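Trainee: Take this structure first; my questions come after.
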Number of protein chains: 4
Amino acid sequence: MSEIPLLPKSIGHPLSQLEDPQLTGKSLEFAAMPDPAGDPTHLATLLVRCPDRKGIVASLAQTLSGHGANILAADQHRDSLEGQFFQRIHFDGSELQTDWSSLERGISEVAGRFGMGWQLVHGNESKRVAIFVSKYDHCLWDLLLRHHAGELDAEVPLVVSNHPDAEETVKSFGARFEQFSVNGENKRDQEQREIELLRELDVDLIVLARYMQILSAEFLDEVGVPVINIHHSFLPAFIGGRPYHQAYERGVKLIGATAHYVTSQLDEGPIIEQDVVRCSHRDAVGDLVRKGRDLEKIVLARAVRCHLEDRVLTYGNKTVVFD
Amino acid sequence: MSEIPLLPKSIGHPLSQLEDPQLTGKSLEFAAMPDPAGDPTHLATLLVRCPDRKGIVASLAQTLSGHGANILAADQHRDSLEGQFFQRIHFDGSELQTDWSSLERGISEVAGRFGMGWQLVHGNESKRVAIFVSKYDHCLWDLLLRHHAGELDAEVPLVVSNHPDAEETVKSFGARFEQFSVNGENKRDQEQREIELLRELDVDLIVLARYMQILSAEFLDEVGVPVINIHHSFLPAFIGGRPYHQAYERGVKLIGATAHYVTSQLDEGPIIEQDVVRCSHRDAVGDLVRKGRDLEKIVLARAVRCHLEDRVLTYGNKTVVFD
Amino acid sequence: MSEIPLLPKSIGHPLSQLEDPQLTGKSLEFAAMPDPAGDPTHLATLLVRCPDRKGIVASLAQTLSGHGANILAADQHRDSLEGQFFQRIHFDGSELQTDWSSLERGISEVAGRFGMGWQLVHGNESKRVAIFVSKYDHCLWDLLLRHHAGELDAEVPLVVSNHPDAEETVKSFGARFEQFSVNGENKRDQEQREIELLRELDVDLIVLARYMQILSAEFLDEVGVPVINIHHSFLPAFIGGRPYHQAYERGVKLIGATAHYVTSQLDEGPIIEQDVVRCSHRDAVGDLVRKGRDLEKIVLARAVRCHLEDRVLTYGNKTVVFD
Amino acid sequence: MSEIPLLPKSIGHPLSQLEDPQLTGKSLEFAAMPDPAGDPTHLATLLVRCPDRKGIVASLAQTLSGHGANILAADQHRDSLEGQFFQRIHFDGSELQTDWSSLERGISEVAGRFGMGWQLVHGNESKRVAIFVSKYDHCLWDLLLRHHAGELDAEVPLVVSNHPDAEETVKSFGARFEQFSVNGENKRDQEQREIELLRELDVDLIVLARYMQILSAEFLDEVGVPVINIHHSFLPAFIGGRPYHQAYERGVKLIGATAHYVTSQLDEGPIIEQDVVRCSHRDAVGDLVRKGRDLEKIVLARAVRCHLEDRVLTYGNKTVVFD
C-alpha cells in the first residue's frame, strides 16, 4: 500500500510527484535549509541501553519531541540473543520549549520505566584526549596532524611518553609533553602520578598510540576514563608481543590492525575497528612493519573519531558502532 | 550528564550497573526474548521521503506506537543540501491495537502534514523477480543459487533471454524460461510481449543479469517496475560497450562493477552498489573478464538483496541505501 | 648509465626512440607475434628450490636456452632468513634443439650442482582434481561452475561426499559422485577405499570444499597428493569448529576465509590465500555465514587456480605463491 | 617428471628430502647467508624493453653471470598484443670478475642484438626528489614523514609551492623551500626559474603532492625528469577539477585516488597506482574530502616508492609495475 512511489518505476514518471520544482537544477553550493550542525552548542547526543521491550523508540522520540527537540539522526540496535536494546539519538535543542534540565528529567523518567542506562552528551563539550606513546611515533604524528587539520573534534592537552623522543614534536603542536619513565619498581608510583595529572587536566579519553607499556589493572581501575589501544594485528590472531613476527612466521597473506578498548585482559577488550592489508612471501618482517604502520594509523584514527562522536557503545566484550 | 556509564571506564566497574545478573554466563544459544523476525506476516517496512522539517521522526514514531506497532529498526537520512528527509522504519504489527487500515490512515495523516511520499511494504509480500539474461550466464546462476540457498527473500517466476542457452538451467531451478529474440525490426513488438508477460506474472522487479540488449525508453516508461542492471565497470568510468577492453587500454590498476537502477540514460541511473578488484599489467583482457565475473556476481547480488529488503530509496540520480 | 630512457621524461620525447613505428595506432585485436600460450603441448613449468647461492638464475637460464627453450616468464624468491632460493620458470619448448629427456638431464645436472629440489610440469598435463564435500555445497557449485566456464585448467573426475545430497548436481556436471559415509568405526576402512579410488582415477589434487570430516593422519600420509582446504576464518584466528560463532562472540569487525594445504596439524598447514569482508554489530551469526560464503568461494577458487598453474611452492609451514 | 616433490604430499614426508637438517629449528633471528641487500653500493637494477623475441631472458642472465654478477631478483612481462618484452633485473655486483664498464659494454652488445632500450641504475644512487605542493599539505607531510622514517630511499632537496604556507614545515624537515607564485602573466618565467633550480639541485623526480597548478606543456617538455601526480579520483572517472564534488553528484559508493605520470594530456598519463575507499549517502562532500586524504597519501606514497625502486616501466599510456 503506497501513496507515492519511492523507488524508480523506471523512466516514465519516476518520483515526479516528489520532485519539488524549486529543487530542479539547484547547485550543490546552495543549502536548502540551514544545517543545524553549524552551531554545535545546541546539539546533543543521547546514548541508551536497556533490556529490549516494546515501545522504547517511540517513548524516547515522543519525550524529546515533547520538549521541542528536533531529532537529526537516530540509530538503534537490538541484540536478540542478549535481549538488549541500544540507541543513539543525535538532536538539535535550539528550540527547546522547556530547558535542558527538564529534558533530562523527562529522559530520566522514561529511563526508569524501561530500566535504561543512558548518557547525554552536549555538542559543545569537546572531549579532552591524552595520547600515550613510546618510541614508534607514527600514530602520534597522525593523530596530531588530523587534530591540526580539524578532523577530530577534541582537545589534546597532554601527551605522555616513557621516552623523551617526542617532546619537540608534541610541543610544536601546542600540547603538553610529560615523560614518565617506567620500570619494575616505580610503576605504581608513576601510574599514580599519571592519574593525578590526567585528572588535573580533566582528560576524558586516553589513546595508546603504540604505547609499549602495559597499564596495570589498578591504573585501569582508578583512571575512570576509557582507554583505546591500537594492536598491530588482526585480533584475536597474534595476541601479545611482536605480532608482525608472528604473522611472518605463520605465513599469512594479510596483516591487520585492531583498535579496541583496553581492559585488564591484554588484547581482549571490545574491538572498535579493524582492517587488513595484503602481503606476500616477498614481505620480510620489515615490510610488514612498514605496511602495518599505515594500517595502524588509519584504524586508530577511525576508532578515535567514532568514540569522539559518541558512536560507540560497549556491552559484554563487544561494541555497537553506529555509523 | 549521565546516569550510568555506557562506555568502559576501564576495568574497575565497567557497565556493572547495567549488567543484568541473569545475563551473566548466558550462552549464545539462548534468546532472551522471542525474535519477532521469526514470523514475517506481522512485519512491515515504512519508507518515507519529504522536505526536511522539525518533528518528522517523532510524529511517525508516535503514530506507529499509538496504534500498537513496535519499532524494530529505524534509520533516516537528511540531505541538507537538498533539504530532503528520508526514513525507513521496520516494525512489528503483531500487537496492533487497531488494524492495518487504521494504521495506514494514521500514517497518511502525518504524511499530509509533512508533504511526505511514503510506501508501506508488508513482510509477507515476497517480491516477484524476473531475471533477464543473454549469453553470459554467471550472474544468472549466481542469483538462482542464492535464491535456492534462501539468501534472497523473493520469488523468481520468470527468466527472459534473447538466446535459448539458459533454458535447461532455468527450468532445473523451477522457473519459467521465455526466449524473446530481439532484432531491429521486432524490438517494440517483443518488448510489448515481454511487458504483457511481466504483468501477467505480477513481476515487481526486473534484474538485468548481463542482459546485452538495451531496453527502449518506451519499455522503461511502460513496464512500471524498477529495473536493476549490473554494469561491468566502476561507473562512471567506462560507460558503454566493452568496458573491460576500455579498462585494459587505459591501464587501470583496479577494475570494478556497478549495480544501478536503469533509466533511459544508458549507464547513468542511480547507483546502488559498487566494488572493485585489483589488477595489474599481467592481466590481459581475458583475465579482467574472469576477475570481473566474481565482482559482477557479488555486486549485483548485494544490490538485489538491498532492494528486496526495501533498503533503497532514490532521489534525483542518487540512492539512499539503508544498511 | 642508460642508452634509452624507459621512464617518461615527460611530454617532449618520452620513449620515442622505443616506439616502433608500426606499433602506432595498432588495434588491440592484432597480436604482433603469435602467443605461444596458444598451444599448451609445448609449454612447461619448472619449479626449483635450493639453498641460496650465487649463479642459480643464470645457470638455469643458460641450460634452458642451450637446449632451445624460450623462457616466457620467470619469477624467483630468496628467503634470506632461511637462506633458501625458489624459482618458477614457464617456458616454451616448441623449438627445442634436443628433446625433453635431454633437457631434463641438463636440468638434473644443474640441480645436482646446487642441491636443488625440482619439478617439471608439462603444459599438456591437466591436473585431475577430486572435490570432497559435505552438506554445504556452495564451494562445490562454485568450483564446478568455474570449471565449466573454462576458468580452471583441470579435470574433475570425482566428487566425494559423506552425504548423498550433492549427487544429482555433480552428475549434471558430468563428474562421478561417490558417497563414503564415515563414522567412528568405519573411518579407516572408508578412507582406505577412498585412497584406492583416488589412485584408480589418477587424482593429482584433493580439494576439501567445506568437507566437515577430519582426514586422519594415516590418510594424509598415504594419499600422496596435496590436499587444499578452505577454512571459514582468517587463520590463525578461530581455529577449529564454528569459526563464525567464535567471530560473533569476539565481536570482530571483519570476517575471513583461508585456503591452506592440509597437514596433520588441524588448520595449521601452509596458507595459500586469505581474504576478509567487513561485518558489524548488525550481523548475526547467520549473516556472517552468508557473507562468508562468498569469501569462501573466492578464496578457495583463487588458491586452487594458483595450485593448478604450478604457482605455489611450500617450505616449512609457509608458501611462496608466484603471481 | 620430477626429482623431488616441491608441493606437499600431505603429512607423511612433505619435502623431507628438501629439508636441510641444519635448517630445522632455526630461529628467525639467524640469517643463513649474509643478505647482500645490506650494502647498497654493489647493487644495481637493469631495466629493459624490446620487441619480444626468443632468448632474451637467457642472454641477459648469461651476460650478467659471465661478468660475475649475482642475480637477486628478476621479473619480466610480455605484452603479447603489442609484441613487447619488459624486464627488471636486480643484481649484486660485489663479486664482478670484470668492472662495471665492461659489464655495461656487455649489456650494450646484447641490447644491440635485440633492439633493446635499457637503463642501469646503481644502488648507491639515491634519487633526488622535488615535491610541489599548494595549500593542501597532507601529502607533503606524509611524504616528509615517510622519508624521515626511512621508508623512501631518496633525498628531498627541494619543496616548491605557489603559497608560502608550508615553509616552516618543510624547513623543520631540513629541506629547502621555494615559493613560486604563478599567475597568468608570469607562468612561463616562473616555470623557467623552477627548471633552473631543479637542474641546479640535480633533481631526478618531481612529485606533485596536490599541486593545484597545471604545468605547461613547455615545462614538461623541458624539465627532463618524470613527474608523478596524485589525482583525487579513480581515473578515468572524474577527470579535471573538483572530483569529490563530481563523485558526490554522481552518487558513487566508492571514491578513489590515482597516482600517474604527468603528460601534456591532463589526467591522462600512465597510471602507476590506484585505490578506493567505501562511501555512502551519509557522506557529504566534506566527508569525501576527509576520507580521500588518507587514500591520496597512501596511493601517492606507494607510487613514489615503486618509482624510487625502479619498478615502473612505461609504454604507450600504460605502466608495467614490477612488485
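Trainee: Out of region D:141-158, which residues are in contact with a Phe, Trp or Tyr (Cβ under 9 Å, 6 or more places away or on another chain) and closer than 17 Å to D:Leu308 by Cβ?
Mentor: Keep residues of region D:141-158 that are in contact with a Phe, Trp or Tyr (Cβ under 9 Å, 6 or more places away or on another chain), which gives D:141, D:144-145, D:147-148, D:156, D:158.
D:Leu144, D:Leu145, D:His147, D:His148, D:Val156, D:Leu158, listed by residue number.
Trainee: Shifting gears a bit: Can you go through C:Leu197, C:Leu205, C:Leu201 and tell me which one is closer than 17 Å to C:Arg176 by Cβ and under 18 Å from the mean Cα position of the chain (by Cα)?
Mentor: Going through C:Leu197, C:Leu205, C:Leu201 in turn, just one is closer than 17 Å to C:Arg176 by Cβ and under 18 Å from the mean Cα position of the chain (by Cα): C:Leu205.
Trainee: Being within 19 Å of D:Ile298 (Cα to Cα) and at pLDDT 95 or above is true for just one of D:Leu220, D:Leu208, D:Leu197. Which residue is that?
Mentor: Answer to the selection: D:Leu208.
Trainee: With the requirement that a residue be at pLDDT 95 or above and part of a loop (DSSP other than H, G, I, E, B), what does region D:176-185 give you?
Mentor: Once the filter is applied, which keeps residues that are at pLDDT 95 or above and part of a loop (DSSP other than H, G, I, E, B), region D:176-185 yields only D:Phe180.
Trainee: Another question about this same structure. If you take the residues of region B:93-120 that are more than 7 Å from chain A (Cβ to nearest Cβ) and closer than 22 Å to B:Val312 by Cβ, which of them is most open to solvent (accessible area, probe 1.4 Å)?
Mentor: Among those residues, the one meeting the criterion is B:Gly115.
Trainee: Still on this model: Is it the case, given these coordinates, that B:Ser161 is under 14 Å from B:Ile206 (Cα atoms) and of a type in the set (Ser, Thr, Tyr)?
Mentor: Yes: the conditions hold for B:Ser161.
Trainee: Here is a follow-up. For region C:109-137, give me the residue count where each residue is without any contact (Cβ under 8 Å) to a residue 24 or more places away in the chain and closer than 30 Å to C:Leu198 by Cα.
Mentor: 1
Trainee: Within region D:100-131, how many residues are polar (S, T, N, Q) and within 19 Å of the chain's Cα centre (by Cα)?
Mentor: Here the count works out to 3.
Trainee: Go through (1) touching a strand residue (DSSP E or B) at 6+ places or on another chain (Cβ under 6 Å); (2) of a type outside the set (Lys, Arg); (3) surrounded by fewer than 24 Cβ atoms within 10 Å (Cβ to Cβ) and name the single condition B:Gln213 misses.
Mentor: (1)
Trainee: Applying the selection to region D:121-137, what residues are closer than 22 Å to D:Gly292 by Cα, open to solvent by less than 30 Å² (accessible area, probe 1.4 Å) and out of contact with any helix residue (DSSP H, G or I) (no Cβ under 9 Å at 6 or more places or on another chain)?
Mentor: Residue satisfying the conditions is D:Ser134 alone.
Trainee: Additional query: Take region D:138-150 and flag every residue that is open to solvent by 10 Å² or more (accessible area, probe 1.4 Å) and free of Cβ contacts under 8 Å to residues at least 60 places away in the same chain.
Mentor: D:Trp141, D:Leu145, D:His147, D:His148, D:Ala149, D:Gly150
Trainee: Does C:Glu168 satisfy the condition of being over 30 Å from C:Asn70 (Cβ atoms) and of a type outside the set (A, V, I, L, M, F, W, C)?
Mentor: On the way: over 30 Å from C:Asn70 (Cβ atoms): yes; of a type outside the set (A, V, I, L, M, F, W, C): yes.
When the stated conditions are applied, C:Glu168 passes them.
Trainee: Looking at region D:283-320 only, could you name the residues that are outside any loop (DSSP other than H, G, I, E, B), surrounded by fewer than 22 Cβ atoms within 10 Å (Cβ to Cβ) and at the interface with chain B (Cβ under 9 Å from one of its Cβ atoms)?
Mentor: D:Val285, D:Lys318, listed by residue number.
Trainee: Now for a different question. Determine which single condition B:Val182 fails, assuming it passes every other condition in (1) open to solvent by 20 Å² or more (accessible area, probe 1.4 Å); (2) more than 30 Å from B:Leu215 (Cα to Cα); (3) over 23 Å from the mean Cα position of the chain (by Cα); (4) not hydroxyl-bearing (Ser, Thr, Tyr).
Mentor: Exception for B:Val182: condition (2).
Trainee: Just name the residue that is farthest from the other protein chains (Cβ to nearest Cβ) out of those in region C:241-280 that are under 20 Å from A:Pro270 (Cα atoms) and of a type in the set (Lys, Arg).
Mentor: Among those residues, the one meeting the criterion is C:Arg278.
Residues are listed down the side, and each one gets a yes or a no for (1) in contact with an Asp or Glu (Cβ under 7 Å, 6 or more places away or on another chain); (2) among the aromatic types (Phe, Trp, Tyr):
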position: C:His67; (1), (2): no, no
position: C:Asn70; (1), (2): yes, no
position: C:Glu82; (1), (2): no, no
position: C:Phe86; (1), (2): no, yes
position: C:Val110; (1), (2): no, no
position: C:Arg113; (1), (2): no, no
position: C:Met116; (1), (2): no, no
position: C:His122; (1), (2): no, no
position: C:Glu155; (1), (2): no, no
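Trainee: At pLDDT 90 or above and in contact with a Ser or Thr (Cβ under 7 Å, 6 or more places away or on another chain): which single residue out of A:His77, A:His67 fits that description?
Mentor: A:His67
Trainee: Going by the structure shown, is A:Ala74 under 23 Å from B:Arg88 (Cα atoms), within 19 Å of the chain's Cα centre (by Cα) and in contact (Cβ under 8 Å) with a residue 12 or more places away in the chain? Give the steps one after another, and end with the answer.
Mentor: Values: under 23 Å from B:Arg88 (Cα atoms): yes; within 19 Å of the chain's Cα centre (by Cα): yes; in contact (Cβ under 8 Å) with a residue 12 or more places away in the chain: yes.
Here the answer is yes, as A:Ala74 does meet what is asked.
Trainee: I would also like to ask the following. Find the residue count for region A:41-82, including only residues that are facing chain B (nearest Cβ under 7 Å), under 21 Å from B:Gly68 (Cα atoms) and either in contact with a helix residue (DSSP H, G or I) (Cβ under 8 Å, 6 or more places away or on another chain) or among the β-branched types (Val, Ile, Thr) (or both).
Mentor: The total comes to 11.
Trainee: Same structure, new question: Filter region C:179-222 for residues that are in contact with a helix residue (DSSP H, G or I) (Cβ under 8 Å, 6 or more places away or on another chain), aliphatic (A, V, I, L, M) and more than 15 Å from C:Lys127 (Cβ to Cβ); which is farthest from the other protein chains (Cβ to nearest Cβ)?
Mentor: By that ranking, first place goes to C:Val182.
Trainee: More than 14 Å from chain C (Cβ to nearest Cβ), over 30 Å from B:Ile239 (Cα atoms) and touching a helix residue (DSSP H, G or I) at 6+ places or on another chain (Cβ under 9 Å): is that true of D:Phe238 in this structure?
Mentor: Judged against the criteria, D:Phe238 is not a match.
The values are calculated or read from the model by the stated rules, or taken from the named source; none is laboratory data. Treat the numbers as computed from the prediction; the structure is a model and nothing was measured. Positions of Cβ are backbone-derived with ideal geometry, glycine not excepted, and every protein chain shown enters the neighbour counts. Please note that ligands, DNA and RNA were not included when accessible areas were found on the heavy atoms of the full protein model with its side chains. Shrake-Rupley method; radii C 1.70, N 1.55, O 1.52, S 1.80 Å.
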